[in-house]
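Engineer: The following block contains the structure, expressed as C-alpha coordinates.
The values are calculated or read from the model by the stated rules, or taken from the named source; none is laboratory data. Being a predicted model, the structure only gives us computed values, none of them experimental. Here the Cβ is made from the backbone with ideal geometry for all residues, glycine too, and neighbour counts use every protein chain on show. For the accessible areas, the whole protein counts, side chains as well, though only heavy atoms, and no ligand, DNA or RNA atoms are used. Shrake-Rupley method; radii C 1.70, N 1.55, O 1.52, S 1.80 Å.
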Amino acid sequence: MRRPIVAGNWKMNTTVDEGRALARDIAAQLGGDPGVDVVLCPPFTGLSPVHDVVGDGPLLLGAQSLNANARGAYTGEVSWTMLQGLCAYVILGHSERRTYFHETDADVNAKVLAALGAGLTPIACVGEHTEQRDRGETASVCERQVRAVFDGVAAADAGRVVIAYEPLWAIGSGQPATPAVAQDVSALIRSIVRELYGDDVARQVRVQYGGSVTAANAAEFAAQPDVDGALVGGASLKAAEFAGIVRAFTPL
Ligand code: PGA
(Lines give C-alpha, C1' and ligand atoms only; values in the text may rest on other atoms or scores of the structure.)
Protein backbone atom coordinates (compact mmCIF):
# COMPACT_ATOMS: atom_id res chain seq x y z
CA MET A 1 0.00 0.00 0.00
CA ARG A 2 1.51 3.32 -1.05
CA ARG A 3 1.18 6.15 1.48
CA PRO A 4 -0.54 9.05 -0.28
CA ILE A 5 1.42 12.28 -0.68
CA VAL A 6 -0.12 15.73 -1.01
CA ALA A 7 2.26 18.62 -1.57
CA GLY A 8 1.49 22.32 -1.47
CA ASN A 9 3.53 24.32 -3.96
CA TRP A 10 3.36 27.86 -2.64
CA LYS A 11 5.32 29.11 -5.66
CA MET A 12 6.53 32.74 -5.31
CA ASN A 13 3.97 33.55 -2.61
CA THR A 14 4.13 34.20 1.14
CA THR A 15 6.41 36.53 3.04
CA VAL A 16 8.22 35.06 6.04
CA ASP A 17 5.35 36.02 8.36
CA GLU A 18 2.65 34.85 5.94
CA GLY A 19 4.42 31.51 5.52
CA ARG A 20 4.60 30.95 9.26
CA ALA A 21 0.92 31.83 9.65
CA LEU A 22 -0.16 29.58 6.79
CA ALA A 23 1.83 26.65 8.19
CA ARG A 24 0.28 27.21 11.61
CA ASP A 25 -3.22 27.32 10.11
CA ILE A 26 -2.66 24.13 8.10
CA ALA A 27 -1.29 22.32 11.16
CA ALA A 28 -4.33 23.44 13.16
CA GLN A 29 -6.73 22.30 10.43
CA LEU A 30 -5.16 18.86 10.17
CA GLY A 31 -4.59 18.07 13.83
CA GLY A 32 -2.42 14.96 14.12
CA ASP A 33 -1.01 12.57 11.52
CA PRO A 34 -3.47 12.57 8.62
CA GLY A 35 -2.26 9.23 7.20
CA VAL A 36 -0.90 11.15 4.23
CA ASP A 37 2.55 12.61 3.65
CA VAL A 38 1.76 16.33 3.66
CA VAL A 39 4.58 18.40 2.21
CA LEU A 40 4.63 22.19 2.45
CA CYS A 41 6.81 23.80 -0.22
CA PRO A 42 7.34 27.49 0.59
CA PRO A 43 9.82 29.66 -1.29
CA PHE A 44 13.45 29.23 -0.13
CA THR A 45 13.07 32.17 2.27
CA GLY A 46 10.21 30.38 4.00
CA LEU A 47 11.93 27.04 4.60
CA SER A 48 13.61 27.91 7.87
CA PRO A 49 10.67 29.88 9.35
CA VAL A 50 8.17 27.17 8.40
CA HIS A 51 10.57 24.56 9.75
CA ASP A 52 10.43 26.39 13.08
CA VAL A 53 6.62 26.14 13.01
CA VAL A 54 6.21 22.50 11.96
CA GLY A 55 9.16 21.16 13.97
CA ASP A 56 9.22 17.39 14.05
CA GLY A 57 5.44 17.12 13.71
CA PRO A 58 3.69 15.31 10.89
CA LEU A 59 3.97 18.16 8.37
CA LEU A 60 6.94 17.77 6.02
CA LEU A 61 8.88 20.41 4.16
CA GLY A 62 9.98 20.69 0.56
CA ALA A 63 11.87 23.19 -1.59
CA GLN A 64 10.70 24.22 -5.06
CA SER A 65 13.99 23.69 -6.87
CA LEU A 66 17.69 23.24 -6.23
CA ASN A 67 20.97 23.78 -7.98
CA ALA A 68 22.72 20.51 -8.78
CA ASN A 69 26.15 21.94 -7.96
CA ALA A 70 27.28 21.68 -4.35
CA ARG A 71 28.51 25.29 -4.10
CA GLY A 72 30.24 27.97 -6.09
CA ALA A 73 29.82 31.06 -8.22
CA TYR A 74 26.14 30.72 -9.15
CA THR A 75 24.64 34.00 -8.02
CA GLY A 76 21.10 33.67 -6.77
CA GLU A 77 21.04 29.87 -6.72
CA VAL A 78 20.45 27.49 -3.81
CA SER A 79 22.33 24.19 -3.80
CA TRP A 80 21.32 20.77 -2.54
CA THR A 81 23.88 21.05 0.27
CA MET A 82 21.98 24.09 1.58
CA LEU A 83 18.72 22.16 1.66
CA GLN A 84 20.10 19.21 3.60
CA GLY A 85 18.77 19.35 7.14
CA LEU A 86 16.22 21.98 6.17
CA CYS A 87 13.73 19.93 4.16
CA ALA A 88 13.15 16.36 3.06
CA TYR A 89 11.52 16.95 -0.34
CA VAL A 90 12.18 19.06 -3.39
CA ILE A 91 9.94 19.82 -6.37
CA LEU A 92 11.96 19.52 -9.58
CA GLY A 93 11.21 20.32 -13.20
CA HIS A 94 7.97 22.15 -12.51
CA SER A 95 6.57 23.43 -15.79
CA GLU A 96 7.17 27.01 -14.65
CA ARG A 97 10.85 26.14 -14.20
CA ARG A 98 10.91 24.49 -17.61
CA THR A 99 9.05 27.36 -19.31
CA TYR A 100 10.38 30.52 -17.63
CA PHE A 101 13.84 29.33 -16.63
CA HIS A 102 14.46 27.05 -19.60
CA GLU A 103 15.15 23.89 -17.61
CA THR A 104 15.65 20.99 -19.99
CA ASP A 105 15.05 17.29 -19.41
CA ALA A 106 18.81 16.96 -18.85
CA ASP A 107 18.78 19.74 -16.24
CA VAL A 108 15.88 18.10 -14.44
CA ASN A 109 17.68 14.76 -14.48
CA ALA A 110 20.85 16.32 -13.02
CA LYS A 111 18.75 17.84 -10.23
CA VAL A 112 17.01 14.53 -9.54
CA LEU A 113 20.37 12.79 -9.24
CA ALA A 114 21.68 15.55 -6.95
CA ALA A 115 18.57 15.35 -4.77
CA LEU A 116 18.74 11.58 -4.41
CA GLY A 117 22.46 11.75 -3.66
CA ALA A 118 21.69 14.31 -0.95
CA GLY A 119 19.01 12.15 0.63
CA LEU A 120 16.22 14.46 -0.53
CA THR A 121 13.06 13.02 -2.08
CA PRO A 122 12.44 14.53 -5.51
CA ILE A 123 8.94 15.35 -6.71
CA ALA A 124 9.66 15.43 -10.43
CA CYS A 125 7.05 17.10 -12.62
CA VAL A 126 6.08 16.01 -16.10
CA GLY A 127 3.23 17.02 -18.37
CA GLU A 128 2.30 18.14 -21.85
CA HIS A 129 1.25 21.60 -22.98
CA THR A 130 -1.99 22.38 -24.76
CA GLU A 131 -0.72 22.05 -28.32
CA GLN A 132 0.94 18.73 -27.51
CA ARG A 133 -2.32 17.48 -26.02
CA ASP A 134 -4.22 18.63 -29.09
CA ARG A 135 -1.76 16.83 -31.36
CA GLY A 136 -2.28 13.62 -29.38
CA GLU A 137 1.25 13.70 -27.95
CA THR A 138 0.42 13.42 -24.23
CA ALA A 139 1.80 9.89 -23.88
CA SER A 140 4.95 10.49 -25.91
CA VAL A 141 5.81 13.76 -24.14
CA CYS A 142 5.25 12.29 -20.67
CA GLU A 143 7.19 9.16 -21.57
CA ARG A 144 10.17 11.20 -22.76
CA GLN A 145 10.13 13.31 -19.60
CA VAL A 146 9.74 10.32 -17.26
CA ARG A 147 12.60 8.42 -18.91
CA ALA A 148 14.76 11.54 -18.58
CA VAL A 149 13.90 11.86 -14.88
CA PHE A 150 15.11 8.29 -14.22
CA ASP A 151 18.21 8.42 -16.45
CA GLY A 152 21.07 7.10 -14.33
CA VAL A 153 18.91 6.62 -11.21
CA ALA A 154 19.96 3.42 -9.42
CA ALA A 155 17.27 0.80 -8.83
CA ALA A 156 17.83 1.17 -5.08
CA ASP A 157 16.83 4.86 -5.28
CA ALA A 158 14.12 4.73 -7.93
CA GLY A 159 11.28 3.82 -5.56
CA ARG A 160 11.82 7.05 -3.63
CA VAL A 161 11.15 9.26 -6.63
CA VAL A 162 7.73 10.89 -6.71
CA ILE A 163 6.38 11.82 -10.14
CA ALA A 164 3.81 14.58 -10.51
CA TYR A 165 1.73 14.51 -13.66
CA GLU A 166 0.85 18.14 -14.30
CA PRO A 167 -0.60 18.94 -17.71
CA LEU A 168 0.25 22.58 -18.40
CA TRP A 169 -3.26 23.39 -19.57
CA ALA A 170 -4.62 22.40 -16.16
CA ILE A 171 -2.21 24.42 -14.02
CA GLY A 172 -3.84 27.51 -12.54
CA SER A 173 -6.59 27.36 -15.15
CA GLY A 174 -9.50 26.09 -13.08
CA GLN A 175 -9.78 23.35 -15.71
CA PRO A 176 -8.42 20.16 -14.16
CA ALA A 177 -7.80 17.03 -16.17
CA THR A 178 -10.59 14.53 -15.90
CA PRO A 179 -9.94 11.82 -13.31
CA ALA A 180 -9.84 9.33 -16.20
CA VAL A 181 -7.03 11.22 -17.93
CA ALA A 182 -5.13 11.55 -14.64
CA GLN A 183 -5.51 7.81 -14.10
CA ASP A 184 -4.45 6.89 -17.67
CA VAL A 185 -1.30 9.00 -17.58
CA SER A 186 -0.44 7.86 -14.04
CA ALA A 187 -0.79 4.23 -15.14
CA LEU A 188 1.40 4.96 -18.13
CA ILE A 189 4.04 6.48 -15.85
CA ARG A 190 3.93 3.42 -13.60
CA SER A 191 4.26 1.12 -16.60
CA ILE A 192 7.42 2.97 -17.70
CA VAL A 193 8.85 2.57 -14.19
CA ARG A 194 7.93 -1.13 -14.34
CA GLU A 195 9.77 -1.52 -17.64
CA LEU A 196 12.83 0.27 -16.24
CA TYR A 197 13.01 -1.23 -12.73
CA GLY A 198 10.51 -4.07 -12.42
CA ASP A 199 7.35 -4.68 -10.50
CA ASP A 200 8.47 -3.94 -6.94
CA VAL A 201 9.75 -0.46 -7.73
CA ALA A 202 6.71 0.27 -9.92
CA ARG A 203 4.47 -0.60 -6.99
CA GLN A 204 6.49 1.69 -4.71
CA VAL A 205 6.70 4.82 -6.85
CA ARG A 206 4.08 7.43 -6.00
CA VAL A 207 2.42 9.40 -8.76
CA GLN A 208 0.64 12.67 -8.05
CA TYR A 209 -1.82 14.53 -10.17
CA GLY A 210 -1.49 18.32 -10.29
CA GLY A 211 -3.44 21.08 -11.99
CA SER A 212 -6.45 22.93 -10.52
CA VAL A 213 -6.94 20.43 -7.69
CA THR A 214 -9.42 21.72 -5.10
CA ALA A 215 -11.11 20.34 -2.01
CA ALA A 216 -14.20 19.88 -4.16
CA ASN A 217 -12.58 17.72 -6.86
CA ALA A 218 -9.79 15.96 -4.92
CA ALA A 219 -11.83 12.88 -3.98
CA GLU A 220 -12.34 12.01 -7.65
CA PHE A 221 -8.59 11.95 -8.18
CA ALA A 222 -8.01 10.08 -4.93
CA ALA A 223 -10.37 7.36 -6.16
CA GLN A 224 -8.06 6.53 -9.09
CA PRO A 225 -5.91 3.46 -8.41
CA ASP A 226 -2.68 4.90 -9.83
CA VAL A 227 -3.08 8.45 -8.47
CA ASP A 228 -1.32 8.50 -5.10
CA GLY A 229 -1.70 12.15 -4.22
CA ALA A 230 -1.79 15.69 -5.50
CA LEU A 231 0.59 18.56 -6.17
CA VAL A 232 -1.43 21.63 -5.33
CA GLY A 233 -0.72 25.24 -6.28
CA GLY A 234 -3.39 27.88 -5.71
CA ALA A 235 -5.49 25.85 -3.27
CA SER A 236 -2.44 25.17 -1.08
CA LEU A 237 -2.41 28.84 -0.03
CA LYS A 238 -5.76 28.45 1.76
CA ALA A 239 -5.45 26.31 4.89
CA ALA A 240 -9.00 24.96 4.97
CA GLU A 241 -9.02 24.20 1.25
CA PHE A 242 -5.64 22.46 1.41
CA ALA A 243 -6.71 20.45 4.46
CA GLY A 244 -9.80 19.35 2.53
CA ILE A 245 -7.58 18.02 -0.25
CA VAL A 246 -5.42 16.15 2.27
CA ARG A 247 -8.52 14.58 3.82
CA ALA A 248 -9.72 13.44 0.41
CA PHE A 249 -6.52 11.38 0.12
CA THR A 250 -6.64 10.03 3.67
CA PRO A 251 -7.03 6.26 3.48
CA LEU A 252 -10.33 5.04 4.90
P1 PGA B 1 -2.63 24.82 -9.42
O2 PGA B 1 -1.04 24.60 -9.62
O3 PGA B 1 -3.07 23.86 -8.34
O4 PGA B 1 -2.75 26.26 -9.01
O5 PGA B 1 -3.29 24.52 -10.73
C6 PGA B 1 -0.48 23.32 -9.58
C7 PGA B 1 1.01 23.42 -9.72
O8 PGA B 1 1.51 24.26 -10.48
O9 PGA B 1 1.75 22.65 -9.06
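Engineer: Order the peptides 149-155, 230-236, 60-66 from the highest to the lowest mean number of other Cβ atoms within 10 Å of their residues. All intermediate terms of the calculation are to be shown ahead of the outcome.
Structural biologist: Details: 149-155: 16.9, 230-236: 25.1, 60-66: 22.3.
For the peptides 149-155, 230-236, 60-66, the packing ranking is 230-236, 60-66, 149-155.
Engineer: Let me ask you something else. Could you give me the ³J(HN,Hα) list for segment 150-162, computed from phi with Karplus coefficients 6.51, -1.76, 1.60 and θ = phi - 60°, whole Hz, x at Gly and Pro?
Structural biologist: 8, 4, x, 7, 5, 4, 5, 9, 4, x, 7, 5, 9
Engineer: Per residue, how many Å² of accessible area does the chain show with a 1.4 Å probe? Don't jump to the answer; show the numbers that get you there.
Structural biologist: On the way: 10780 Å² over 252 residues.
Value returned for the chain: 43 Å² of accessible area per residue.
Engineer: Also: How much mean residue ellipticity at 222 nm does the chain get from its helices, if each DSSP H run of length 4 or more adds -39500 (n - 2.57) and you divide by all residues, to the nearest 500 deg cm²/dmol?
Structural biologist: -12500 deg cm²/dmol
Engineer: Additional query: With +1 assigned to the C-beta of every Lys and Arg and -1 to the C-beta of every Asp and Glu, and no other charges, what is the dipole magnitude of the chain about the Cα centre in debye, to the nearest 20? Write out the running numbers ahead of the final one.
Structural biologist: Numbers: 20 positive and 28 negative charges, 45 e Å.
Dipole of the chain, to the nearest 20 debye: 220 debye.
Engineer: To continue, here is another question. Report the Stokes-Einstein translational diffusion coefficient (µm² s⁻¹, integer) for segment 95-252, Rh taken as the Kirkwood radius over Cα pairs, at 25 °C with viscosity 0.890 mPa s.
Structural biologist: The diffusion coefficient I find is 155 µm²/s.
Engineer: In whole angstrom, how far apart do the alpha carbon centroids of segment 232-252 and segment 8-59 sit?
Structural biologist: Distance between centres, Cα-based: 13 Å.
Engineer: Given the Cα-Cα distance of residue 74 and residue 154 and 0.36 nm per residue of separation, how much length would full extension add, in nm?
Structural biologist: 26.0 nm
Engineer: Please list the radius of gyration and Dmax for segment 15-163, considering alpha-carbon atoms only, with Å as the unit.
Structural biologist: 16.4, 47
Engineer: Could you tell me the calculated FRET efficiency between residue 216 and residue 178, based on Cβ-Cβ distance and R0 = 25 angstrom, to the nearest 0.05? Don't jump to the answer; show the numbers that get you there.
Structural biologist: Working: r = 15 Å, r/R0 = 0.58.
Approximately 0.95, to the nearest 0.05.
Engineer: Can you compute the FRET efficiency between residue 45 and residue 137 using 1/(1 + (r/R0)^6), with r the Cβ-Cβ distance and R0 = 41 Å? Round to the nearest 0.05.
Structural biologist: Details: r = 37 Å, r/R0 = 0.91.
Efficiency for this residue pair is about 0.65.
Engineer: Taking the simple approach of a point 7 Å from Cα along Cα-to-Cβ for both residue 240 and residue 106, what is their distance in nm?
Structural biologist: With each label placed 7 Å out from Cα toward Cβ, I get 5.0 nm.
Engineer: How many angstrom separate the Cα center of segment 69-146 from the Cα center of segment 155-199?
Structural biologist: Answer, in whole Å: 14.
Engineer: Can you give the accessible area of residue 111, probe radius 1.4 Å, in Å² rounded to 10?
Structural biologist: 20
Engineer: So for the pair residue 81, residue 200, with labels modelled 7 Å out along Cα→Cβ, what separation do we get in nm?
Structural biologist: Label-label distance for residue 81 and residue 200, simple model: 3.4 nm.
Engineer: Let me ask something additional. How large is the charge dipole for segment 140-234, taken about the Cα centre, if only the Cβ atoms of Lys, Arg (+1) and Asp, Glu (-1) carry charge, to the nearest 20 debye?
Structural biologist: With Lys and Arg at +1 and Asp and Glu at -1, about 100 debye.
Engineer: Could you check which residue among 26, 91, 189 shows the biggest mean-square fluctuation in a GNM of the chain with a 10 Å Cα cutoff?
Structural biologist: 26
Engineer: Follow-up. May I ask you to list the residues of segment 117-144 whose amide nitrogen lies under 16 Å from a point 7 Å from Cα along the Cα→beta-carbon direction of residue 191?
Structural biologist: Under 16 Å, as judged by backbone N against the label point of residue 191, lie 137-144 of segment 117-144.
Engineer: Please compute the net charge surrounding residue 104, taking Lys and Arg as +1 and Asp and Glu as -1 over other residues with Cβ under 15 Å from its Cβ. Intermediate values should be presented prior to the final figure.
Structural biologist: Numbers: positive: 97, 98, 111, 144, 147; negative: 96, 103, 105, 107, 151.
Charge balance in the 15 Å sphere: 0.
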